[in-house]
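K.L.:
Let me begin by handing over the structure; questions about it come next.
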Amino acid sequence: MIKQSIALLLILAAACSQSSCREQPYRLVTEQSSSGWAYRISFKGRPMIYQAHIPAIPGFHPFRTQSDARRTGTLVLQKLKGGSIPSLSLHEIDSLQLTW
């Protein structure tokens, strides 16, 4: 019985050493806001960015769809992972073809 328990623990430890069980340092989630959709990016469980409106566009234009918020958050996340400043230009926003 003890040998079986040890074997099971070793199998679980080996399985969790694979990338599917490793915690990713960055996490992107979308959520509904009071005026549309928003995204949050956290790093190692700590809040880092909350964006409830389309950046780089004058005025307050909320994300109309979850997909728009996710695509924008994904681009910001790629910049963070690449070591760049996570701001977006108007050209980058245009390339995402967001609905606003």
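Just so it is clear, none of the values below were taken in a lab; they were calculated from the coordinates. If you're wondering where the values come from, they're calculated on a predicted model, not measured in any experiment. Quick reminder, even Gly has a Cβ in these numbers, built from the backbone with ideal geometry, and neighbours come from all protein chains shown.
K.L.:
Provide the FRET efficiency to the nearest 0.05 for the His91-Ser35 pair, computing r from the beta carbons and using R0 = 25 Å.
P.N.:
The computed FRET efficiency comes out at 0.50.
K.L.:
In debye to the nearest 20, how big a dipole does segment 22-89 give about its Cα centre with +1 on each Lys and Arg Cβ and -1 on each Asp and Glu Cβ? Numbers along the way, then the final one.
P.N.:
Working: 10 positive and 3 negative charges, 51 e Å.
Charge dipole of segment 22-89: 240 debye, to the nearest 20.
K.L.:
I've got another one for you. Quick check: from the Cα gyration tensor, does segment 53-95 come out rounded (a/c under 1.5), prolate or oblate?
P.N.:
Oblate is the answer for segment 53-95, as a/c is 1.5 or above yet b/c matches or exceeds a/b.
K.L.:
Of the peptides 32-45, 81-94, how do they stack up when ordered by the mean number of other Cβ atoms within 10 Å, highest first?
P.N.:
With the highest mean Cβ count within 10 Å placed first, the list reads 32-45, 81-94.
K.L.:
Then there is this: Could you calculate the contour length gain from Gln24 to Thr74, that is, 0.36 nm times the residue separation minus the distance between their Cα atoms, to one decimal place in nm? Each step should come with its number before you reach the end.
P.N.:
Values: separation 50, 0.36 × 50 = 18.00 nm, distance 1.43 nm.
That works out to 16.6 nm of additional length.
K.L.:
How high is the relative contact order of segment 23-100? Use alpha-carbon pairs under 8 Å, at least six apart in sequence, and give a whole percent.
P.N.:
26
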